[in-house]
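The values are calculated or read from the model by the stated rules, or taken from the named source; none is laboratory data. The structure presented is a predicted model; accordingly, all values stated were derived computationally and were not measured. Because the Cβ atoms are built from the backbone with ideal geometry, glycine has one as well, and the counts that use them run over all protein chains shown. Accessible surface is based on the protein model in full, side chains and every heavy atom, while ligands, DNA and RNA are left aside. Shrake-Rupley method; radii C 1.70, N 1.55, O 1.52, S 1.80 Å.
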Amino acid sequence: MPTVPSAYIIPRNKHSISKADISSNALKVLNRLIGAGFQAYIVGGSVRDLLLHKAPKDFDVATDATPNQVKNLFRNGRIIGRRFKLVHILFHREIIEVATFRSHAEEDENQQTNERGMLVRDNAYGSLDEDAWRRDFTINSLYYNINDSSIVDFTGGVKDVENKLIRMIGDPVKRYQEDPVRMLRAIRFSAKLNFKLAQETEAPFPEISHLITHVSSSRLFDEMTKLYQCGNAVAVQRLLMQYGLFQHLCPQTNALLDSAHPVNALLAIALENTDTRIHEDKPVTPAFLFAVLLWFPMIERAKELQKTGIDPLPSIEKAMSLVIAEQNQIISIPKRYTQIIREIWLLQYRFVKRLGGRAFNLLQHPRFRAAYDFMALRALAGDESMELAQWWTAFQDADEIEQAKMVAQLKPDMPKRKRRRKPKSNKVSDPQ
């Protein structure tokens, strides 16, 4: 194993990471790779999190073994990815991701960029130090060596972790051009870790934030889901606005934010609610998030359609399709989620209709709970009657007898008009 200059090694007595904090499956992977004569280290976010005394969500490994060599060592391994080839080693519920050291060579036949300078293929393999400089941020460019429990740090990442700083490795403008998603990653780490962005890392944002629209719409969906589900969605939204990215990601929603529109309150309350659910280990679906983001654009579009003479219900259904289709051009929401979004939206119009068996029927709808949660947030934001939200809160928790009483006590909004009978004609037919 090539020796690393001592200047880049932080010995065990100078840091707080213990081998006992590392997943036993990750240690198995490291030991097998090292036993086969390869270099192998715990790398990236897991090292950063351990330095911060946080439990890593997962453990990644970096090695000089190629993906095929890794796969040959592990029957439970599979090669994934086209842009970056990786090996996922499966241990029941845990996946250890193994990446081969990458080169930072300017030109390589295994490294391809498109006309905008974005990397579309990057399987140029290199050495440990080259791999360190190819990573995006210094805090993610840390390598833990299980042989002597030291940390290898070529880029000053440990110091940046101590200073709570997000710093891009290399020329920020070029790195963002290579992969504009790095802008979203910078924001996610800043929000999640409560770290500041270094001045040179944040400086290019105003000029290059538009590059985010060049990223594939399906990849942006994955990144947006990670952003808003990192446990600090409120901070994420503030940073997306601050750095001018939200206007490119959700232009329809952004167009309403400048005014005193209830979209501001709904978004703030919904994101706070999302953070609470994440911290309580409750499920959060991307469908609910996008239902919140696109609700008011849909309402505004429906109003415009009604002005052209389209009836209310058809205008809502058409507005749903138009707004979702427009958003999909930037962030592609999978169909399984757009169907849930539509159901949540349509059920909002059924909450006011409680007479007869309607309230009982709505309670049985498979999407009731999500729609109710959405309506409750709308009430908190002033977009729906708080009285209605409280009625439904009580109704779903009551027994059948109490529910029947609650429905019986409701008064119809509009008294039913008695149908006027046509008066019988007394007209006698004229004789021929």
Under the rule of at least 5 residues apart or a separate chain, name every residue whose amide H is placed under 5 Å from the amide H of D60. V43, S46
How many Å² of accessible area per residue for the range 1-163, probe 1.4 Å? 50 Å²
Shape box of the range 320-398 [Cα atoms, principal axes, largest first, Å]: 43, 26, 18
Pick out the long, greasy-scoring helices in the chain: whole DSSP H runs spanning 20 Å or more along their own axis by Cα, mean Kyte-Doolittle at least -0.5. 263-279, 286-307, 312-328
Please calculate the 1.4 Å probe accessible area of D148, with all protein chains present, and give it to the nearest 10 Å². 80 Å²
Rg followed by Dmax, in Å, when the range 250-410 is reduced to its Cα trace: 16.4, 50
What is the set of long-range amide H partners of G244 at a cut-off below 5 Å, with H atoms built 1.01 Å from backbone N? none
Enumerate the amide H contacts of S150 below 5 Å, restricted to partners 5 or more residues apart or on another chain; note that Pro and chain-start residues carry no placed amide H. N145
How compact and how long is the range 200-264, expressed as Rg and Dmax of its alpha-carbon atoms in Å? 12.4, 36
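Using a 1.4 Å probe over the heavy atoms of the protein chains, calculate the carbon and sulfur portion of the accessible area of the chain as a whole percent.
Ligands and nucleic acids excluded, carbon and sulfur reach 49 percent.
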Calculated from DSSP helices alone, with each H run of at least 4 adding -39500 (n - 2.57) and the total divided by the residues of the chain, [θ]222 nm to the nearest 500 comes to -14000 deg cm²/dmol
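Arrange the residues H53, H210, H92 by how much accessible surface each exposes, largest first, with a 1.4 angstrom probe.
H92, H53, H210
Where does the range 1-163 land on the Kirkwood hydrodynamic radius, alpha-carbon pairs, in angstrom?
Over the range 1-163, the inverse of the mean reciprocal pair distance is 16.2 Å.
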Given K164/K192; K57/K85; K85/K192; K307/K353, which pairs have Cα atoms separated by over 18 Å? K57/K85; K85/K192; K307/K353
Using each residue's phi in the range 160-175, evaluate 6.51 cos²θ - 1.76 cosθ + 1.60 at θ = phi - 60° and report the 3J(HN,Hα) Karplus result to the nearest Hz, with x for Gly and Pro. 5, 5, 4, 8, 6, 10, 9, 10, 6, 8, x, 6, x, 4, 5, 5
Choice from Q364, Q177, Q199 showing the highest fluctuation, given a GNM over the chain with Cα pairs closer than 10 Å: Q364
Please return the longest range in the chain lying between exposed loop sites, taking GluC sites (Glu not before Pro), DSSP loop only, at most 13 other beta-carbon atoms within 10 Å, and leaving the sites out. 116-279
